[in-house]
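Heads up: the structure comes next, in structure tokens.
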Amino acid sequence: MKILSYLLVYRRFLLIVLTPLLLLPLPLIIKTKEAECAYTLFVVAIFWLTEALPLAVSALLPAFMFPLFGIMQSKQVASAYFKDFHLLLIGVICLATSIEKWNFHKRVALRMVMLVGVNPACDARRSLCTALLLREQGSPASLCTLEPPPAQSRDTFVGGSCIRGQGGCSSGSRIAGAPKGLPSFELCEADALEMTCSNGSINPALELDGRHTVQVLALPTLTLQQVYILSKQNLPPAETGRKSREDKYSGIFKVMCLCVAYSATIGGLTTITGTSTNLIFAEHFNTRYPSCQCINFGSWFILSIPITVVILLLSWVWLQWLFLGFDFKNMFKCGKKKTAREEASAQVIQEEYKKLGPMSYPEIVTLVLFILMTVLWFTRDPGFIPGWSSLFPKYKGYATDSTTALVIGLLFFIIPAKTLSRTSNGENTVFGYTPLITWKEFQSCMPWEIAILVGGGFALADGCEVSKLSAWVASKLSPLGSLPLWLVILISCLIVTSVTEVASNPATITIFLPILSPLAEAIHVNPLFILIPATLCTSFAFLLPVANPANAIVFSYGHLTVMDMVKAGLGINIIGVAVVMLAIMTWIVPIFDLYTYPSWAPYIPSTNST
């Protein structure tokens, strides 16, 4: 037993040592550049999938293995670690840092609550829509790219109940079990006969003291970033009505948490900067096929927005039915006459929004720069009309989306965060010059691990090209051309969806892109036909608690069981793959003329005799 315990403790160390040793016969026996590159690829892939080493550290292995094997010079490998992708990421994170610093996300979240309402079904839709809206603003690759800081919002509204920070209600039931470091909270349950939030009287039917342990969960990996409630109920046997209400609120808690977690991922599909997988795909595609200029911010938005909306709606229906029942009357009653409880909760939300006051100068500047960045992205080369890039005909293709992101990002370091204000005497008050964001604040949000990880993926892709490993893989995959195209796409989607449940999304897409690109070339199919659905499906990490940090955090509080997440995630995985398959076989086809093998893709003679 001691030996077994030692092996368990040092399992990561043993994996780090044994993996290169067990794979060493590959380059020693075959002695070709393809085998040496494959050896490097296998070692890095295993370390990425098992996370025996930090992802960024594993990504640095090609930097010294390729020169030692004579595949690429050190200078060539180093150039792969900083590309156009990194400049785009820097510009987006400048915007993210400003949104985070000036709490603009809180204003957006509260405004969405006011627009949609506080009905439980509406709460789920609001959670989905708000997370979707905020995730569209940039890449979540680093867990803070455009995500607000750990939950700062002090209000949560579940089923007409409101959780408020101190100073909100005049009285109320004290919540126990809040994590240290978070503000104290009170619960105000609005009831038409027994309690209103305005007078702060106690609702005797609620009886929370000593019986409810409510924990406030900060979701640092989710875009909505409000404070959500996970309730561990240890109530003694009670009346049937009270038990029914407990079951209802338990289902609401599950739906709310899963809605935010899942919609943050779904919202990232919408834009190139929405997820690291989209960015990695764009950089890989533009590097491998430089003659094709069809993938940009506008074209990706057009192809992905219908997918996002359909998956979002179907996911809401699925979660609503799974945990709250399929009740059309309650699901679609938003906007109708509100109950007293809902009116009281809505009043509290409006009060909290008023406390924010008018938009501050930094918030206005951040909003203007965000809109400007988005407009410039869409209008650079829209396709159906000349974009602003046509103003530089001598330098066609020189400016990319990273150019826009970097120009706008630099403005955050230039524009002052404060303006002159006048005193009662009419004199100007001079403040010290401070920009909207500082370099220290930017560094705290910059996802250096993701930047190095992506660079390692680009180095591996370059090594596969130089060593001819990609051509060898393409020749071995050419017999797949005898299968129906939809089946090849479906198999690719299912494989990446399965792998991404146990591996990080960036690592998964980095491993599979160099494999799927030669596959498409080998069977003479437009590479976008396979790469687009595979990229989208890599983000579908909904099934397991370990699939992504959001799932892990929600699960760690004990409110959701593994089966809850498996049932919910399996349904959304199926929905996602089905919608992506429908999209790639219908409306995406005319956007890129997918049924025609493009001139920008290399032609590989087919060796398939069938």
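The values are calculated or read from the model by the stated rules, or taken from the named source; none is laboratory data. All values derive from a computational prediction rather than experimental measurement. Virtual Cβ from ideal backbone geometry, glycine too; neighbours counted across all protein chains shown. The area values use the complete protein model at the heavy-atom level, side chains included, leaving out ligands, DNA and RNA. Shrake-Rupley method; radii C 1.70, N 1.55, O 1.52, S 1.80 Å.
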Step by step: first the residues of segment 380-396, then only those that are free of Cβ contacts under 8 Å to residues at least 12 places away in the same chain and open to solvent by less than 60 Å² (accessible area, probe 1.4 Å), then the one that is nearest to Pro590 (Cα to Cα). Which residue is that? Gly387
Taking the residues in segment 74-105 that are of a type in the set (A, V, I, L, M, F, W, C) and open to solvent by 10 Å² or more (accessible area, probe 1.4 Å) as candidates, determine which candidate is farthest from Gly357 (Cα to Cα). Ala78
I need every pair where a residue in segment 586-598 that is open to solvent by less than 30 Å² (accessible area, probe 1.4 Å) has its Cβ under 6 Å from the Cβ of a residue that is among the hydrophobic types (A, V, I, L, M, F, W, C) and not in a loop (DSSP other than H, G, I, E, B), sequence separation at least 6 or different chains. Ile588/Leu303; Phe592/Leu528; Leu594/Phe529
Flag if Phe540 is at pLDDT 80 or above and among the aromatic types (Phe, Trp, Tyr): yes
Of the candidates Ala340, Ala344, the one satisfying the condition of being modelled with pLDDT under 80, touching a Ser or Thr at 6+ places or on another chain (Cβ under 7 Å) and open to solvent by less than 50 Å² (accessible area, probe 1.4 Å) is Ala344
Can you run down the residue pairs with Cβ atoms below 7 Å, 6 or more apart or on separate chains, where the first is in segment 23-44 and touching a residue at least 24 places away in the same chain (Cβ under 8 Å) and within 23 Å of Ile509 (Cβ to Cβ) and the partner is open to solvent by 60 Å² or more (accessible area, probe 1.4 Å) and part of a helix (DSSP H, G or I)? Glu34/Trp472
